[in-house]
Structure formats: C-alpha cells, structure tokens
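Data first, discussion second: the structure below is written as structure tokens.
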Amino acid sequence: MGRGIGQFYPGMSPLHALDPRAKILASVGLVAALFLVGSFHGFLLVAVVVLSLLIVSRVPAAAFLRFLKPVSFIVALTFLFQALFSREGNILFEWGWLSVYEGGVSNGAFLAARILLLVLSAALLTATTPPVALTDGIEDLLSPLKKLRFPSHEVAMMMTIALRFIPTLDEEAQKIMRAQAARGAEFSEGGLIKRVKAIIPILVPLTVGAFCRADELADAMESRGYRGGEGRTRYRELKFRLRDGVALLFVVLVAVGGAVL
Amino acid sequence: MRIEVKNLRHVYSPGTDSAVEALRDVSLSVEGGEILGVVGGTGSGKSTLVVHMNLLLEPTSGEVLIDGMDARAMKKSELRRRVGLVFQFPESALFAPTVEEDVAFGPCRLGLDEEEVRRRVSETLGMLGISHLASRSPHALSGGEKRRVAIAGVLAMGPEAIVLDEPTAGLDPATREELLDVVRGLKNAGMSVVIVSHDLDEIAEVADRVCLMERGEAKAVGAPEDVFYEHPENAPDTVRAALAVGERLPGVGRPVRFAETVEVLERVMGG
C-alpha cells in the first residue's frame, strides 16, 4: 500500500496499544486544550505534553515533518501577517514604512506554534492508529446517535471502504495515465484549458471503473451475508482498559491545567 | 524497425527500504517482421520489461536502442508514435463517447488533419473487424470487442513496432484466435511485434523468437524450440507431449507448433 495516503505507522509503542476510542477522545481533548490555553505557561505545558507524546509514539520524526508540510505555508503566512501588521508593544525595528512590533512577533509565534501543535495532535492519532481501528472507534463513539436514527454503522463502513480504495484508485489512475500517455496524451503541458481537457481521458475511465468496482464489492459483500450493522459482531472487539481510562484522565488534567495556568 | 535493449536494469523505489530490483541485466532485440514472445511467471519482470520499450518507464541503467539510436535522445512523442504499447486490460482506458472518437484520440494527438485521422480510424477498425461498432459507445461493448477497440486505438497511430502485454488475457478462444491472426498480419506487414503472455501454447503458435523471464532476468532468449526444449518446465503442452513420446520413440525431434507436433507424433507413432 502506498505510504502517501495511509498515514499509519505500524509500531509497538504504548500509544499504538491504546484503544482507538480513547485516542480519538484524547486528541479531541488536546485540540481543546490548545484552544483553551491563554497564558504562556499553560501553552508551554500543553506543548511539552504533545512533544513528549511524539517521542513516546516512536514514529520517525520525518513522518511528522511530512504531516506538517502541507500546513507550513499557512503557518508561515500567519506568522508574517501577525509580525508585520500587528502594532502592540515596543518597536523591534523599523525599515522605511515597515515597522515590526514586539507584540506582533510574539503573537505570530504563538499562533504559528498553536497551528503546528494542532496538526501534530491530529497526526499523533492517525500515525498510531490503523485506519480500520479508527473507523471502528468512530462507529462506536457515534453509536449513541443511533437512537436519533443516525446511521453510524453505515457511515463508518463508508469511511472504511473509502480509505481502503484510495490506493486502489490511485493505482488505477496511474495505469490509465500510462495507457493514455502511450497514445500521445500529455498531462503537464499547455495552458489551463488544455490541461483540464487532458484530464478527461483519465477521469472518464476512472469513474467507469469505480462504479464497476462498487457493484462488484456490493455483490461480494452480500454474497458473504452482509446486511448492515444490525446484529453484526466484530472480529476485533474494542476493549476499553484501565490504561485507556488513565490516558484520557491524563489529557483532561493537561487541558484543565493548561487553561488554569 | 529494430528494438534493442541492452543490459537493462530497473529498480522500483530505489534508495528506500521497499526497493525492488524488477529487472537485472536484460538484453534482447526484436527485428521488423518478427514476433518476439515474452513468457515467465507473475512478477518475473515481463511487464516492467515491455514498458521500457517506449520509455514510459526509464531504465535505472542500461539502454534502449531504436534502429541503433538511443531512445532517450529521441523526442518522447516521436518515440511513442513509432513504438505502440498496448497494456494489460487496455479496455480499462477507453473514455470517448463513441468507438470512432476513442480510436481517433491517438491520431488526433499526432496533429494529423481530419481527413487523415478518419482514414486511419476506418482502416484500423476494418483491420480488427469492428467497423460495424464505429458509432457505438465503447462502454456498452463485450469484453472482446472492447479489447479490439483499445488495440485499434494504438494501431491507428501508425506505429512501426507494437508491444502487446497479455493481449488475449480473459478472452474467449474464438476472439483469441482472431486477435492472434491480427498479430500475424502486423508481422507480415513488416512490423516488429513483442507479445507478452502467460499462455505458452499461444506463444508457441505465433512467436518467431522467445524470451523466458525469471526473477527479473532473461533466463533464455532464442528460437522457440531452443528455449522450450531447454526449459521444459516452462514449455507448452506440445513440447511436453513431444518430450514424453520422445523418451520412448526416436525421431520425434523438437516440434513446437501444434500442427507440426501432430504431424511428427503421427509419423513416429506409425500414423
């Protein structure tokens, strides 16, 4: 499977061993904590906790850097805007019409760090939890909504299938691109209209193939007795153990601590 | 046209822990008017080998020569026009609303005028025996018909060599025979043909020379009787039958094609 989209890194760390539901709630807790903290000390507490969790997860640092890459532009932009246009505190330096204030720089750094930590908290979850366990966890957490007729099993099954087929579709797209390239198609040349037009010979067969595959998958599932979530048992039972409770309690304490400090 | 690959080596995702050496030191060639059959188990490197022939995949090392010229020095578009490549299950890349338009895609990309495109499309459809499908939607056709449309789409570009990766996989015997006749026709018209197949019987029927791939290496390249009789574990039923009979009766020789095998066996077994 392609590493590009499956962001899970197999491992044996304590974080990998936690129940997915505990991890989902804990990362929600960390994200909440990052929004709740107002003081420097509170922020420092949450930051230290997130960073030490990164180490505990034993996921290679390069992997986390890859998570950060897509947001690095936003982070840089946020910092620059704050640094250049905020007028708080003492002037750090002036250069023509441009003047940079102390408050601006510290605000910018604070916001940038907050975004980075938000992404890292989410990355901690997806890097240490297999996608299937993640959707199992989400299904379970959403199951109380069944009383309100919310189709939590179906939603989770859709997510599982979608995740499962991302690499398949990617592979299929590569194949089609090569086949069209052999017939002289160019995908990286010409203006916008030309490029959009060049996508049609890929998109049409890809869509046709996806629908065929959906039909086949539905047949295969039904022929193996799939009837939806009603009365369905699980191969992997989720078990909420003591350590999961401890982990959750820890995160709650961090969040409260961060907010109070 | 002569296609030659020299000391070809290809490594997928080099430098990572998932690096795979799919081809190592493969050298072979195919001439105009000749059919080269490539056989070997799944994962032996057959498909990786053939996508190098028009450089859709670039070799890690080694070279591809087209009429003695380094293919890397040629223009990509020119190279892809001259060496047609038909992938496995090529029908999965059909996209246009009608068969005609789909087959016209390649020739249009060559920048030919409308009349020439139309001439080529109808000529190719005729050659593959699917002229009657011209205005149908490719998605509504049978598997065999789709396959022929997809092959027509490459042939309409007027290549001098054609590389077919498992062109008969999953087809019924009648369609398979028709397709092999088309392949023979291309050879007789002077094209260089490379055909990859799991079906040894089919390769025995059409190939002038055979390349046996194993674990990324060309284990044997040569005349079908040489390759098959030296590697009976990868030989068609005709060769196995001849070997089995030859153990007891002299004079069987080394037949490969079905008709000649029948003839030889009838002779040695006394009619």
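Values for this structure:
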| quantity | calculated |
| --- | --- |
| Only listed residue being surrounded by fewer than 14 Cβ atoms within 10 Å (Cβ to Cβ) and within 30 Å of B:Glu145 (Cα to Cα), chosen from B:Glu58, B:Glu78 | B:Glu78 |
| Those residues of the stretch A:230-249 which are open to solvent by 100 Å² or more (accessible area, probe 1.4 Å) and farther than 17 Å from A:Ser143 by Cβ, in sequence order | A:Tyr235, A:Arg241, A:Leu242, A:Arg243, A:Leu249 |
| Selection from the stretch A:220-230 of residues that are part of a loop (DSSP other than H, G, I, E, B) and over 16 Å from A:Ala156 (Cβ atoms) | A:Arg224, A:Gly225 |
| Extreme residue, nearest to B:Glu4 (Cα to Cα), among residues of the stretch B:44-64 that are more than 8 Å from chain A (Cβ to nearest Cβ) and touching a helix residue (DSSP H, G or I) at 6+ places or on another chain (Cβ under 7 Å) | B:Val64 |
| Any hit, the stretch B:139-148, residues being more than 13 Å from chain A (Cβ to nearest Cβ), farther than 30 Å from B:Val39 by Cα and buried (at least 17 other Cβ atoms within 10 Å of the Cβ) | no |
| The stretch B:46-68, subset over 14 Å from the mean Cα position of the chain (by Cα) and small (Gly, Ala, Ser), residue nearest to B:Pro14 (Cα to Cα) | B:Ser61 |
| Residues satisfying the stated conditions in the stretch A:167-209, i.e. outside any helix (DSSP H, G or I) and surrounded by fewer than 13 Cβ atoms within 10 Å (Cβ to Cβ) | A:Ser188, A:Glu189, A:Gly190, A:Gly191 |
| So B:Glu116, is it open to solvent by 10 Å² or more (accessible area, probe 1.4 Å), within 14 Å of chain A (Cβ to nearest Cβ), in a helix (DSSP H, G or I) and in contact with a Pro (Cβ under 8 Å, 6 or more places away or on another chain) | no |
| Inter-residue pairs, beta-carbon under 6 Å, first closer than 14 Å to B:Leu128 by Cα and in the stretch B:167-194, second open to solvent by 60 Å² or more (accessible area, probe 1.4 Å) and not β-branched (Val, Ile, Thr), 6+ apart | none |
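One line per residue, one yes/no per condition, for (1) among the hydrophobic types (A, V, I, L, M, F, W, C); (2) without any contact (Cβ under 8 Å) to a residue 40 or more places away in the chain:
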{"position": "A:Arg87", "(1), (2)": "no, yes"}
{"position": "A:Phe93", "(1), (2)": "yes, yes"}
{"position": "A:Gly104", "(1), (2)": "no, yes"}
{"position": "A:Ala113", "(1), (2)": "yes, no"}
{"position": "A:Gly137", "(1), (2)": "no, no"}
{"position": "A:Lys146", "(1), (2)": "no, yes"}
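The values are calculated or read from the model by the stated rules, or taken from the named source; none is laboratory data. Model, not experiment: these values are computed from the prediction. Ideal geometry is used to build each Cβ from the backbone, glycine not excepted, and the neighbour counts take in all protein chains shown. Protein only, heavy atoms only, side chains kept; ligands, DNA and RNA dropped before computing areas. Shrake-Rupley method; radii C 1.70, N 1.55, O 1.52, S 1.80 Å.
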